[in-house]
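The next block holds one structure in the form of structure tokens; read it before the comments.
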Amino acid sequence: MIRGNQPKHKICRKAGFCLWANPKCPASRGKTHFAGEHGRKNYRRSDYYRMLFEKQKLRYTYNITEKQFRTTFDTAKQMRGVTAENFLMLLETRLDAVIFRAGFASSPFQARQLVSHGHFLIDGKKATIPSMRVRPGQTIAIRPKSQNQEWAQVALDRLGEFNVPYIEVSSDQGTAKVTQAPMMEHIPVGGIDVQQTVSYYSRL
């Protein structure tokens, strides 16, 4: 998980694109090289480095700890089907990830904070655990007591920003509903090779 004092823009420049779709990020404005005097140099990278780098990009995208990330991978590996697809589906159906994709939050960092502070309801019940799994058919809404706050007003105008097919949003009601399990081709992480993460953990 990225802490508050870690340089997020530096991570995006190293990745070659903004991991969190922030238009103010230097990587979104074309600065897609390492920061610093020697950032434009081309270095030879080992296979292990590339696998580790792709794994870190995916983990940073969802802003979770290495322990949570590895636990999610182990769960995906035990499921039927393709491990990479299962892994991405489990990450994408975390409560904080769904809130970010729906548009309630401008970043995964804000989504995690809002959930932890108890600003959301799932099917009418208060939810305070960012890692809890949102199942198809469940509806997320801002808690009535939080709807008059400034962030909530901004969020309601931003609902549906990602426009992913597995989340149905209602700007009028201020709700978001997971309609189906996310398919790998619909999840907006196109700049990350998820299979490299699978290869990385397979070597351990």
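Nothing in this text is a laboratory measurement; each read-out follows from the coordinates by a stated rule. Note that the structure is a prediction, hence the values are computed from the model and not measured. Because the Cβ atoms are built from the backbone with ideal geometry, glycine has one as well, and the counts that use them run over all protein chains shown.
Structure summary
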item: The chain: C-alpha gyration tensor shape, a/c 1.5 cut-off, then a/b vs b/c; result: oblate
item: Integer Hz, Karplus 6.51/-1.76/1.60 couplings in order for segment 60-76, x for Gly and Pro; result: 5, 4, 9, 6, 10, 6, 4, 5, 5, 4, 5, 4, 5, 4, 4, 5, 5
item: By average C-beta atoms within 10 angstrom, highest first, the peptides 117-130, 62-75; result: 62-75, 117-130
item: Order by protection proxy (mean Cβ within 10 Å, highest first), peptides 147-158, 95-106; result: 95-106, 147-158
item: Across Lys55/Lys77; Lys24/Lys177; Lys145/Lys177; Lys24/Lys125, pairs whose alpha-carbon gap is larger than 26 Å; result: Lys24/Lys177; Lys24/Lys125
item: For segment 94-180: span of alpha carbons on each principal axis (Å, largest first); result: 30, 25, 23
item: Helical mean residue ellipticity (222 nm; -39500 (n - 2.57) per DSSP H run of 4+; nearest 500) of the chain; result: -12000 deg cm²/dmol
item: Potential extension, Arg44-Arg203 segment - 0.36 nm per residue separation minus Cα distance; result: 55.1 nm
item: Per-pair calculated FRET efficiency, R0 = 30 Å: Lys24 and Gln173 via Cβ, rounded to 0.05; result: 0.50
